[in-house]
Amino acid sequence: MDGILFANVRVIDGSGDYPFPGEVLVEGNRIKRVARGTRAIATKGVTVIDGAGATLMPGMIEAHTHLSWNDQPSLEAIFRMPPEEHTLDAARIAKIYIDHGWTSAVGAAAAKPRLDVVIRNAINAGQIPGPRYLANGQEIGTLGGLGDTTPPHVDHPGLSFGCIVSGPHEMRKAVRTFIKYGVDLLKINLSGEEITGVGAEETPMSDEEVAVAVSEAHRRGKRICAHARSAQSVKMCVRHGVDIIYHASFADEEALDMLEARKDKHHFAPGLAWLIRTARDASAWGINPGSPLAQAYERELVAAIDVCKKMHKRGIRVLPGGDYGFAWTPHGTNAKDLQYFVELLGFSPMEALLSATKHGGAIMGMANELGQIKEGFLADLLLVDGDPLADIRILQDKERLLAIVKDGKFHKAPHVAGARPRM
């Protein structure tokens with residue numbers, strides 16, 4: 001067999017154009033032909049998958065992924081897991097992503113220095129199943145900021161969840177160390193996080209530290225992503241050229257103006273699932289709705305929704321990535337983000353799909369070969385039972401994913417009627 005032909009499918013190609021009935025031919029790991037209508041592509045020598053009217057769309061791409069956040073109730077519980085068990089657990093979670101149709105993912109920090117790199121390498125070597133993955137290091141935070149979980153009476157930053165630095169020199173060393181470990185990008189914590197006791201609108205990291213992080217990373221061809229909830233931290237991201245901005249809940253009009261002026265230089269993922277579920281669905285883990293902590297997250301959620309709506313209207317790229325991996329935001333529920341985009345942010349279903357496909361290809365650094373069904377692009381595809389444009393929620397049900405293709409190979413082979421080779 002020389003290829004795989006998806007016939008009798010409804011194609012959502014990830015360009016933003018209307019869906020069309022058509023056929024798609026895959027050869028090797030690339031899309032060879034895309035045709036409208038039926039019987040448009042010769043079938044001799046290829047395996048024909050009769051989709052029976054199912055939807056063929058690009059694989060989804062997650063913009064904010066923590067493979068080593070293993071559905072625990074706290075950063076401390078994640079950090080304290082021994083490295084051997086943690087590695088096995090991260091491998092298990094990588095499979096959850098591709099099982100649910102996320103064929104690519106951007107690492108947004110790991111719980112241990114080389115954990116993401118090891119998992120990425122194992123995926124690339126075919127040792128474990130998982131998405132295309134950009135590996136990160138530990139999140140880099142400042143002394144007393146987000147990621148510094150060392151008790152106040154212990155002077156040993158090595159015991160913290162993150163890599164803790166103080167000053168430009170230590171930042172430079174940390175960035176160079178993670179690059180040595182083999183990361184694809186790096187994460188810095190500019191602002192706080194309410195659940196850690198450092199307020200979301202606090203900005204512990206200095207301009208000098210951010211400038212060094214970005215310059216060191218870019219010098220070596222690496223990108224920087226940032227935890228940035230406060231208005232000040234978002235402005236720092238734009239001033240210094242941070243590539244990927246996470247959260248930005250409290251961005252003010254000046255920050256939005258700055259982002260809009262450079263909207264082709266940045267990607268943004270808000271992490272709405274974390275805000276919603278921490279405020280409303282974490283009572284089993286001690287965060288009761290109406291408590292001071294839950295109220296803080298409700299307040300931030302209101303601000304974040306307003307900011308995301310404004311970004312969307314300004315043409316700033318908003319991507320899915322809800323900070324999944326805590327007990328109340330379990331891995332595998334990631335497609336809930338697309339529902340939030342439609343129901344809370346005013347996205348059309350097509351715009352929500354584009355955020356997870358076309359724009360996802362760009363955040364992976366592969367805009368010209370990933371995230372669309374287009375001739376010459378990589379064959380990362382989903383065959384979906386139903387129409388996600390009619391009901392975006394069907395993407396939350398992995399049983400509705402009839403086939404999952406990554407790099408031209410079936411991760412999940414189809415079992416639809418008519419899936420057969422035809423010579």
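The values are calculated or read from the model by the stated rules, or taken from the named source; none is laboratory data. It should be emphasised that the depicted structure is a prediction, and the values quoted were computed from it without experimental measurement. Cβ sites come from the backbone with ideal geometry, for glycine too, and all protein chains shown count toward neighbours. When the accessible area is computed, the model is the full protein with side chains, heavy atoms only, and any ligands, DNA or RNA have been set aside. Shrake-Rupley method; radii C 1.70, N 1.55, O 1.52, S 1.80 Å.
For the range 294-333, with only Lys/Arg (+1) and Asp/Glu (-1) charged at the beta-carbon, what is the dipole magnitude about the Cα centre, in debye rounded to 20?
The dipole magnitude comes to about 340 debye.
Give me the dipole magnitude in Debye, nearest 20, for the range 163-308 about the Cα centre, with unit charges on the beta carbon: positive for Lys and Arg, negative for Asp and Glu.
The dipole magnitude comes to about 840 debye.
Evaluate the relative contact order of the chain (contact order divided by residue number), counting alpha-carbon pairs under 8 angstrom at least 6 apart; express in whole percent.
Reported relative contact order: 21 percent.
Quick one: what are the phi-derived ³J(HN,Hα) couplings along the range 184-192, Karplus 6.51/-1.76/1.60 with θ = phi - 60°, whole Hz, x for glycine and proline?
My calculation for the range 184-192 gives 8, 7, 10, 10, 10, 9, 7, 10, x Hz in order.
Pop a pseudo-label 7 angstrom from the Cα along the beta-carbon direction at both Ala327 and Ala211 and give the gap in nm to one decimal.
4.4 nm
Expressed as a whole percentage, what fraction of the accessible surface of the chain belongs to carbon and sulfur atoms when a 1.4 Å probe is rolled over the protein heavy atoms?
50 percent
Scan around Gly59 for amide H atoms under 5 Å from its own, H built in the peptide plane at 1.01 Å from N, and keep only partners 5 or more places away or cross-chain.
Here Asp380, Leu381, Leu382 satisfy the definition.
For the range 133-266, rounded, prolate or oblate, judged on the Cα gyration tensor with a ≥ b ≥ c (square roots of eigenvalues), a/c < 1.5 rounded, else prolate if a/b > b/c?
oblate
Could you state the principal axis extents of the C-alpha atoms in the range 295-365, from the largest down, to the nearest angstrom?
Here the Cα extents, ordered largest to smallest, are 33, 27, 21 Å.
Rounded to the nearest 0.05, what FRET efficiency is calculated for Lys173 and Ala40 with R0 set to 51 Å and r the Cβ-Cβ distance?
It comes to 0.30.
Using 0.36 nm per residue, how much length does the chain from Arg280 to Ala413 gain when fully extended, once their Cα-Cα distance is taken away?
44.1 nm
Can you list residues whose amide H is under 5 Å from Ala109's amide H, if they're 5+ apart or on another chain and H is modeled 1.01 Å from N?
Asn136
Can you bin every Cα-Cα distance in the range 327-386 into 10 Å intervals starting at zero and give me the percent of pairs per bin, rounded to whole numbers?
Each 10 Å bin holds this share of Cα pairs: 21, 42, 33, 4, 0.
Going through the cross-link list Lys222/Lys310; Lys187/Lys263; Lys235/Lys310; Lys309/Lys412; Lys95/Lys409, which pairs have a Cα-Cα distance over 27 Å in this structure?
Lys222/Lys310; Lys309/Lys412
Taking the Cα centre of the chain as the origin and placing charges on Cβ (Lys, Arg +1; Asp, Glu -1), which of Met236, Thr87, Leu56 is farthest toward the positive end of the dipole?
Among Met236, Thr87, Leu56, the one farthest towards the positive end of the dipole of the chain is Leu56.
How far apart, in nm, are the 7 Å Cα→Cβ label points at Gln295 and Asn124?
With each label point 7 Å from Cα toward Cβ, the separation is 4.9 nm.
What is the set of long-range amide H partners of His411 at a cut-off below 5 Å, with H atoms built 1.01 Å from backbone N?
Correct list: Ile404, Val405, Lys406.
Would you please give the FRET efficiency between Glu369 and Glu253, computed as 1/(1 + (r/R0)^6) with r the Cβ-Cβ distance and R0 = 30 Å, to the nearest 0.05?
0.25
Using a probe radius of 1.4 Å on heavy atoms only, what accessible surface per residue do you get for the chain? Whole Å² is fine.
Each residue of the chain exposes 38 Å² on average to a 1.4 Å probe.
Heavy-atom accessible area of Ser74 with all protein chains present, probe 1.4 Å, nearest 10 Å²?
Ignoring ligands and nucleic acids, Ser74 comes out at about 40 Å².
Per 5 Å bin from zero, what fraction in whole % of the C-alpha pairs of the range 1-106 is there, up to the bin with the longest pair?
The distribution over the range 1-106 is 2, 11, 16, 15, 13, 10, 8, 8, 8, 6, 2, 0, given as percents.
Calculate, axis by axis, the spread of Cα positions in the chain along the three principal axes, and write the results as whole Å, longest axis first.
Largest first, the chain extends 72, 43, 41 Å along its Cα principal axes.
Can you sort Thr38, Thr203 by 1.4 Å-probe accessible area, starting with the largest?
Reading off the accessible areas and sorting them downward yields Thr38, Thr203.
So what is the relative contact order for the range 322-379, in percent, with contacts set as C-alpha pairs under 8 Å and at least six apart?
Here the relative contact order equals 16 percent.
Over the range 208-307, what is the relative contact order in percent, taking alpha-carbon pairs closer than 8 angstrom and at least six residues apart?
Normalised by residue count, the contact order of the range 208-307 is 22 percent.
Please work out the FRET efficiency for the pair Arg314 and Asp17, using the Cβ-Cβ distance as r and a Förster radius of 22 Å; give the result to the nearest 0.05.
Calculated transfer efficiency: 0.45.
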